[in-house]
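Working notes, beginning with the structure itself.
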Amino acid sequence: MEKIFDKLNESQSSAVRQTEGSVLILAGAGSGKTTTIISRLAYLIEGLGIPASNTLTLTFTNKAAKEMRARSLAMISDVAYPPLLCTFHKFGLLFLKFNIHLLNRQNNFVVIDTDDKKRIIKRINHEIPTPLIASEISRYKNSLLTPDDAYKQAELFNYQQIAKVYEEYEAYLLENNLVDFDDLIALPYKILYQNPELAQKISQKYQYIMIDEYQDTNELQLKLLQILCTSHNNICVVGDDDQSIYGWRGAHIRNIMEFDQDFKGAKVFKLEENYRSKEPILKVANALIEHNRSRLGKKLIPTRGSGEAVIVLNSNDENEEARKIASKISKLINSGITADNIAVLYRVNVLSRSIEEGLNRAGIAYRLVGGLRFYDRAEIKDLISYIRVVTNFHDDFSFKRIVNKPKRGLGKASVDKIELAAHANETSIYEYLKKVSIGDLEALVRKKNAKTLKTFIKDIQSVSKAAEESSYDFIDILEDTFHLKDIYKGHQDESDKILNMDEFYGLFRDFIKKSPEAPLDEFLNELTLQSEQDQVEGASIYMMSIHASKGLEFDHVFIIGLEEGFLPLVGDGSDLEEERRLGYVSFTRAKDSLTLSHARSRFYKGRRSDLEKSRFFNEAGLCEGSLRVEKNTAFKKGDLVRHKVFGTGRVSGISKSGREFKLSINFAGTTKDILASFIERL
């Protein structure tokens, strides 16, 4: 018992001891969340004598589950049955192995991965972009919509087609006894919902349920948890509403905001003591996140004392920014800091290119986490291959990469036949396609494809001629001729890929501006030197998106791209409060020093654009930023309030109304919009 509470602070101890009923542990960044949840599990088993097999602890990643399992087992004695501590999807898999027969299916099913899913979809329909169909099917399943439901709600023809693909896809899975990742949550819920006696039995088995990273749960996961609590209300969730950054993939912040409505009688514990970051870092993080209205409210309290002030780095452009950051990182490494204690973070992946080049020039080894180096990305390799073929018609390797991008109806077999024929004629593929008669070509590929290939060869010649006449206009002519952006139309990450392509186009124009007489092959040689990073011995610094950094920590953190349009990302359905949470997450990754960088201009969408400094500088109390800062309201979502006529209600939404704030308030089931000045908080 002493071992369990030895290293816990007062808030953590109180949360651990509250074992009965529904419990929400609001755990701020660096506040010992994992320690609290595993201590609570150990207390249930060692302190209260709850059989380990009657507990269920769920998290989101295998890495987190593995760490929590190892740490919790070190705190408890040997038990006959260890506690079930795994991911949501692993729990679903185990459940289905025992219960899928209730859907008249065999338990020797196979779980397919994302690539398998896409291959099946492509076999059913190759006209609508596969990633779009895969994403919609996932959305349908997480909303518990059948193919019939999906078809009924589809207004556009394309979505009616997707609903039909969904129907065929589900039939294929059933026929071949396959399940996909979404099924691992949807099917257990379906089984439990249709079998109340089983729901009662499973709920009685798992008397104590704990959920990690609760702010990342979606609607379906909430429904599954509610049905697992059929016979009791002993659910403890740990999370941070200020770190809810996965709205784009279905996570629903309302799950943590309205936990007390989903699980009655909830007790809330706040873990606010931060054991990670120095005081100046927490000061700016707290100041920034306080501008969010949809939050339950807490403040990180420093325990590591004061430290270096947060540095604001001002640069004219991304190249100056890269030089400054590389210089600062060099100084840190030369002072004895190991490279893997340093990270560079960004909101938008396209920003990594200039920093990569700056680090390469400075000879600093780096590791790109959760993504490819800029020049290794498929869309950039495609562009480079096009330029290589335009400058050297006989580059077969590059020619094969682009011959079916965008799609020209050529499969691998057709390309192999053409390559063999070219080799037999002792010529390059380009030369063979240029000289071969249409009749001979039709013997290798379909008639329509033969004509397309002949047009392709003419287009390459045309673009090559244009390159000789005007290097600067060449990149526009290349895009206008081959419509390369169409390759990624409908892809889930279409906007990222288009941004990367525009960045490359801008890079090309910049090169031509600086060296107007330089031939294209000189540009290609420059790229080769930049993209081939020397293999430097020893540790590397980390570069990653803010999303990829969640859950990690580094001694020294550099955040780039703090401009309006990058952080925060604005427009295109972006959510400013989620953007602010991303800023908060990025700030709180830093332990000892934090550097926030912005540039006055960047290449953006193929053009150099002047940029405004991010409003987050202003909101974090660092300096003047964008003038778009709005005054905060005294109310936030979830507040219990009183109106002199309508009585007591709960705030469900807040919006601006002139100089006032308008509150949407739920009064015993009836929602009314009322100006904030007419309301008092309870």
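The values are calculated or read from the model by the stated rules, or taken from the named source; none is laboratory data. Just so you know, these numbers come straight off a predicted model, no measurement behind them. Heads up, the Cβs are rebuilt from the backbone with ideal geometry, glycines too, and the neighbour counts pull from every protein chain shown. Keep in mind that these areas ignore ligands, DNA and RNA; they rest on the heavy atoms of the full protein, side chains included. Shrake-Rupley method; radii C 1.70, N 1.55, O 1.52, S 1.80 Å.
Across segment 552-565, rounded Karplus estimates of 3J(HN,Hα) from the backbone phi angles (6.51 cos²θ - 1.76 cosθ + 1.60, θ = phi - 60°) give 9, 8, 9, 4, 10, 10, 10, 10, 9, x, 7, 9, 4, x Hz, Gly and Pro being marked x. Taking the C-alpha atoms only, the angle from helix 130-142 to the longest principal axis of the chain is near 10 degrees. Computed 3J(HN,Hα) for segment 94-102, one whole-Hz value per residue from the Karplus formula 6.51 cos²θ - 1.76 cosθ + 1.60 where θ = phi - 60°, is 4, 4, 5, 4, 8, 10, 5, 4, 5, glycine and proline marked x. Considering only C-alpha atoms, what is the centroid distance from segment 242-282 to segment 83-112, in Å? For segment 242-282 versus segment 83-112, the Cα centre distance is 29 Å.
Applying 1/(1 + (r/R0)^6) with R0 = 41 Å to the Cβ-Cβ distance of Asp555 and Glu10 gives a FRET efficiency near 0.90. Within the chain, DSSP assigns beta bridges of which about 35% are antiparallel (rounded to the nearest 5).
By per-residue mean of other Cβ atoms within 10 Å, what is the highest-first order of 204-210, 350-356, 331-337? Present the calculation step by step, with values, prior to reporting the outcome.
Values: 204-210: 18.7, 350-356: 24.6, 331-337: 12.3.
Averaged packing, sorted descending, gives the order 350-356, 204-210, 331-337.
Per atom type, the chain shows carbon and sulfur on 48% of its accessible surface, probed at 1.4 Å.
Counting Lys and Arg as +1 and Asp and Glu as -1 over every other residue whose Cβ lies under 15 Å from the Cβ of Ser53, the net charge comes to +1.
Annotation: lysines with alpha-carbon distance below 21 angstrom to Lys637 (same-chain offsets under eight excluded): Lys264, Lys267, Lys270, Lys298, Lys299, Lys656, Lys662, Lys672. Rolling a 1.4 angstrom probe over the protein heavy atoms with all chains in place gives the chain an accessible area of 46 Å² per residue. The modelled label-to-label distance between Ser515 and Asp476, using points 7 Å beyond Cα along the C-beta direction, is 2.3 nm. Extension gain for Thr19-Ser655 works out to 225.2 nm (0.36 nm per residue, less the C-alpha to C-alpha distance). Remark on Asp240: its backbone amide H falls under 5 Å from those of Ala27, Tyr214, Gln215, a criterion applied only to residues 5 or more positions apart or on other chains, H modelled at 1.01 Å from N. Distance distribution P(r), the chain, all Cα-Cα pairs, bin width 20 angstrom from 0: 15, 42, 34, 8, 0 percent.
Run the numbers for Asp78 and Lys434: contour at 0.36 nm per residue of separation, minus the present Cα-Cα distance, in nm. It would help to have the intermediate numbers written out before the result.
Values: separation 356, 0.36 × 356 = 128.16 nm, distance 7.45 nm.
Contour length minus the Cα-Cα distance gives 120.7 nm.
Taking amide hydrogens as placed 1.01 Å from N in the peptide plane, the amide H of Asn274 sits under 5 Å from those of Ile301, Thr303, each at least 5 positions away in sequence or on another chain.
With both labels modelled 7 Å from their Cα along Cα-to-Cβ, the Glu67 to Ser609 distance reads 3.5 nm.
Please list, short to long, the whole-number percent of alpha-carbon pairs of segment 118-256 in consecutive 5 angstrom bins beginning at zero. Bin by bin from 0 Å, the calculated values are 2, 9, 16, 17, 17, 15, 12, 8, 3, 1. Distant-in-sequence amide contacts of Ser614, defined by a placed amide H-H separation under 5 Å and a gap of 5 or more residues or a different chain, comprise Glu563, Glu564.
Computed from phi, the 3J(HN,Hα) profile of segment 18-29 under the Karplus parametrisation 6.51, -1.76, 1.60 (θ = phi - 60°) reads 7, 9, 9, x, 7, 9, 10, 9, 7, 10, x, 4 Hz, with x in place of Gly and Pro.
Stretched out straight at 0.36 nm per residue, the stretch from Phe678 to Ala424 would grow longer than its current Cα-Cα span by 82.9 nm. Here r is the Cβ-Cβ distance between Ala171 and Lys90 and R0 is 25 Å; the resulting FRET efficiency, rounded to 0.05, is 0.40.
Each of Ile202, Ile25 has its accessible area taken with a 1.4 Å probe; listed largest first, they run Ile202, Ile25. Using just its DSSP H runs of length 4 or more, each adding -39500 (n - 2.57), the chain gives a mean residue ellipticity at 222 nm of -13500 deg cm²/dmol after division by all residues. Within the same chain, aspartates and glutamates fewer than 8 places from Lys417 are excluded, and of the rest, those with a Cα less than 13 Å from its Cα are Asp440, Glu442.
Can you pick out the pairs among Lys454/Lys514; Lys33/Lys63; Lys331/Lys514; Lys405/Lys465 whose Cα atoms lie more than 25 Å from each other? Please report the intermediate quantities before stating the final value.
Values: Lys454/Lys514 36 Å; Lys33/Lys63 15 Å; Lys331/Lys514 30 Å; Lys405/Lys465 21 Å.
The pairs that break the limit, which is 25 Å between Cα atoms, are Lys454/Lys514; Lys331/Lys514.
Per the Debye calculation on segment 452-498 with a single equal scatterer at every Cα and no solvent contribution, log₁₀ I(q)/I(0) for q = 0.15, 0.22 Å⁻¹ amounts to -0.48, -0.79. The modelled label-to-label distance between Ser335 and Asn108, using points 7 Å beyond Cα along the C-beta direction, is 6.4 nm.
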